[in-house]
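The structure appears below as structure tokens.
The values are calculated or read from the model by the stated rules, or taken from the named source; none is laboratory data. These numbers were taken from a predicted model, which means no experiment stands behind them. Because the Cβ atoms are built from the backbone with ideal geometry, glycine has one as well, and the counts that use them run over all protein chains shown.
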Amino acid sequence: MNRFLKAALVTAGATIAAGYYFTNKIMYIKKKTDQFIVDREMHTYEHFNLKEYQSMPKEPFSLRSPYGYLIKGHYIPGKSTQKIMIFCHGVTVNQFNSVKYANLFLKRGFSVIIYDHRRHGQSGGKTTSYGYYEKYDLETLVNWVKERFGNDIILGIHGESMGASTMLQYAGMIEDGADFYIADCPFSDFYQQLHHVLNTDYHLPRWPLLPMAKLLIRIRDRYRIQDVSPIRYIKNVHHPVLFIHSKQDDYILNEMTVALYEAKPDNKQLFLAELGAHACSYSDNKKEYEAAIDKFLAAYHFN
């Protein structure tokens, strides 16, 4: 075996090994513990009162995912069962992270539903797919809500980060099944987001690792990374969307939300918060965030 062939084999082996490591990070991303999330929400951001949450009237539920595992969450009744909000949390956290948003809508008369995405919190599922499989779980939840409360309810969905991208994939690829959506710091395209993470967190170029990751995700988790792309399907979302992003977000850049906003033909509003790291638009701009929600709800007569 000549040295050029040996070098090629070594390079190929190293690329496959690096791709396997990177796709492990994608599929099995390290999750935050319940205690970490509760402590952060209570003490760092002061969003969450554990005793108050525990005393709330809540109904736990378990739904069967199309993929066999259980989706678990809580229904919290508000003043009206005719106005309901579903909350989709971001990657590595769980339904506790959604309580701060749920409280905003409980104050506005909505009943609310918080739940854990696959492989998060109390829900099942082996991998995280950044919306590819999660959107079908969301469809299951939407169908359950409509079966229980009727098709004539006002239904909204709020998503944060991966939850926002999941929500937009559901609305653009499966059905425009809610009356309105609030998309807080979504990525517009998963491949481009991985490129950004690879560049900023690992200081590595796109090639050859990302093409290898695409192949390995296809083999290992049975989906195509390029299909996890809300911007490809946003034109199919006809119901109103409020897009939210912090200008200071350096994890998912606000340009992704601006691109989604510009790609949606109509029924849309945009709020770019002045302060806040990733997924902190509400934490660091509470008054402005609530004002943006109220303006949006009033504009489309959902208040």
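For the range 238-277, which residues satisfy the criterion of being in a loop (DSSP other than H, G, I, E, B) and over 14 Å from Tyr181 (Cα atoms)?
Lys247, Gln248, Asp249, Asp250, Tyr251, Ile252, Leu253, Pro265, Glu274, Leu275, Gly276, Ala277, listed by residue number.
From the list Lys31, Lys25, which residue is farther than 30 Å from Ala292 by Cα and in contact with a Ser or Thr (Cβ under 6 Å, 6 or more places away or on another chain)?
Lys31
Would the range 55-62 turn up any residue that is under 19 Å from the mean Cα position of the chain (by Cα), hydrophobic (A, V, I, L, M, F, W, C) and within 16 Å of Gln122 (Cβ to Cβ)?
no
Residue by residue through the range 68-94, note down the ones that are within 13 Å of Leu106 (Cα to Cα) and either among the β-branched types (Val, Ile, Thr) or over 12 Å from the mean Cα position of the chain (by Cα) (or both).
Matches in the range 68-94: Tyr75, Ile76, Pro77, Gly78, Lys79, Ser80, Thr81, Gln82, Lys83, Ile84, Met85, Ile86.
For the range 169-217, how many residues are among the aliphatic types (A, V, I, L, M) and under 13 Å from Asp227 (Cβ atoms)?
Looking only at that region, the number is 3.
For the structure I just gave you, tell me whether Leu70 is farther than 14 Å from His120 by Cα and at pLDDT 95 or above.
It is false that Leu70 is farther than 14 Å from His120 by Cα and at pLDDT 95 or above.
Residues in the range 106-115: is at least one in the same structural domain as Tyr69 (by TED's automatic domain parsing), in contact (Cβ under 8 Å) with a residue 60 or more places away in the chain and in a helix (DSSP H, G or I)?
No: zero hits.
For the range 140-189, enumerate the residues that are over 21 Å from Pro265 (Cβ atoms), assigned to a helix (DSSP H, G or I) and either free of Cβ contacts under 8 Å to residues at least 40 places away in the same chain or not assigned by TED's automatic domain parsing to the domain that holds Gln248 (or both).
Hits for the range 140-189 are Asn143, Lys146, Glu147, Arg148.
Among the residues of the range 209-237, write down those that are in contact with a Gly (Cβ under 6 Å, 6 or more places away or on another chain) and not in a helix (DSSP H, G or I).
Val228, Val237
Which of (1) in contact with a Leu (Cβ under 8 Å, 6 or more places away or on another chain); (2) under 26 Å from Cys280 (Cβ atoms); (3) part of a strand (DSSP E or B) is the odd one out, the single condition Ser62 does not satisfy?
(2)
Against the condition of a type outside the set (Ser, Thr, Tyr), assigned by TED's automatic domain parsing to the domain that holds Met173 and touching a helix residue (DSSP H, G or I) at 6+ places or on another chain (Cβ under 6 Å), how does Gly131 come out, does it pass?
So Gly131 passes the test.
Identify all residues within the range 63-73 that are among the hydroxyl-bearing types (Ser, Thr, Tyr) and under 10 Å from Tyr115 (Cβ atoms); write none if there are none.
Within the range 63-73, none qualify.
Looking only at the range 45-59, which residues are in a helix (DSSP H, G or I) and surrounded by 14 or more Cβ atoms within 10 Å (Cβ to Cβ)?
Once the filter is applied, which keeps residues that are in a helix (DSSP H, G or I) and surrounded by 14 or more Cβ atoms within 10 Å (Cβ to Cβ), the range 45-59 yields only Tyr53.
In the range 206-262, what residues are aromatic (Phe, Trp, Tyr) and at pLDDT below 95?
Passing the criteria: only Trp207.
Is it the case, given these coordinates, that Asn24 is more than 17 Å from Glu160 (Cα to Cα), of a type in the set (S, T, N, Q) and at pLDDT 95 or above?
When the stated conditions are applied, Asn24 passes them.
Condition first: in a loop (DSSP other than H, G, I, E, B), exposed (fewer than 13 other Cβ atoms within 10 Å of the Cβ), in the same structural domain as Phe180 (by TED's automatic domain parsing) and touching a Phe, Trp or Tyr at 6+ places or on another chain (Cβ under 9 Å). Can you find one or more residues in the range 67-79 that meet it?
Yes, the range 67-79 contains a residue that is in a loop (DSSP other than H, G, I, E, B), exposed (fewer than 13 other Cβ atoms within 10 Å of the Cβ), in the same structural domain as Phe180 (by TED's automatic domain parsing) and touching a Phe, Trp or Tyr at 6+ places or on another chain (Cβ under 9 Å).
Can you name the residue in the range 21-44 that is in contact (Cβ under 8 Å) with a residue 40 or more places away in the chain and exposed (fewer than 15 other Cβ atoms within 10 Å of the Cβ) and is also farthest from Arg220 (Cα to Cα) among such residues?
The extreme case among them is Asp34.
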